[in-house]
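The values are calculated or read from the model by the stated rules, or taken from the named source; none is laboratory data. Model, not experiment: these values are computed from the prediction. With ideal geometry, Cβ positions are generated from the backbone for all residues, glycine too; neighbour counts draw on all protein chains shown.
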Amino acid sequence: MIIIGIDPGLARVGYGIIEVKRNEKTLLDCGIIETKKDVKEENRLLEIFMDLKELINKWKPDYAAVEKFFFYKSSTTISVVQARGVIMMTLGSFNIPITEYAPAQIKLAITGFGKATKKDVLDSVMYSLKLDYPPKPDDSADALAIALTKFNELIN
């Protein structure tokens, strides 16, 4: 079983892809889809679509997990929501079952504490995937936590 976790954004979309065989979890890939601020927004959204499509075609995930977006009063809110829409549409176009998780749900599933720190989450991701070094950048580590949350849901 292959799970893709996604941490949405317009400037940076974090992704983490894990494989599970007999409850053994393996990191397959992680990173970010990065778009440049000086590019038109519609082209940035298209880049997210194209890059995510490429990842899906390469890894063929069975499940997707996406962090829920909470509305903040910010000038980037609408752009992030649009990027998230592109992500959801892309996953849906491949008929990949999608589960959404709030940040507190992810922290609880990964660390056992809904108000865990970023470091606690990172330590749990590293322990769960038996990593010697933290995934970089942070957006990819967050995406791996989201993928692991889906794994934990599937086995419980």
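Overview of values
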quantity: Count of the stretch 41-82 residues which are modelled with pLDDT of 95 or more, within 17 Å of residue 11 (Cα to Cα) and among the aliphatic types (A, V, I, L, M); calculated: 6
quantity: In the stretch 103-136, residue farthest from residue 27 (Cα to Cα) [restricted to those that are outside any helix (DSSP H, G or I) and in contact with a Gly (Cβ under 9 Å, 6 or more places away or on another chain)]; calculated: 136
quantity: Residue in the stretch 12-40 that is farthest from residue 140 (Cα to Cα), counting only those that are part of a loop (DSSP other than H, G, I, E, B) and at pLDDT below 95; calculated: 22
quantity: Residue in the stretch 135-150 that is crowded, with 17+ Cβ neighbours inside 10 Å, farther than 18 Å from residue 12 by Cα, modelled with pLDDT of 95 or more and not polar (S, T, N, Q) present; calculated: yes
quantity: The lone exception for residue 124 - which of (1) polar (S, T, N, Q); (2) more than 15 Å from residue 4 (Cα to Cα); (3) surrounded by fewer than 18 Cβ atoms within 10 Å (Cβ to Cβ); (4) modelled with pLDDT of 95 or more it fails; calculated: (3)
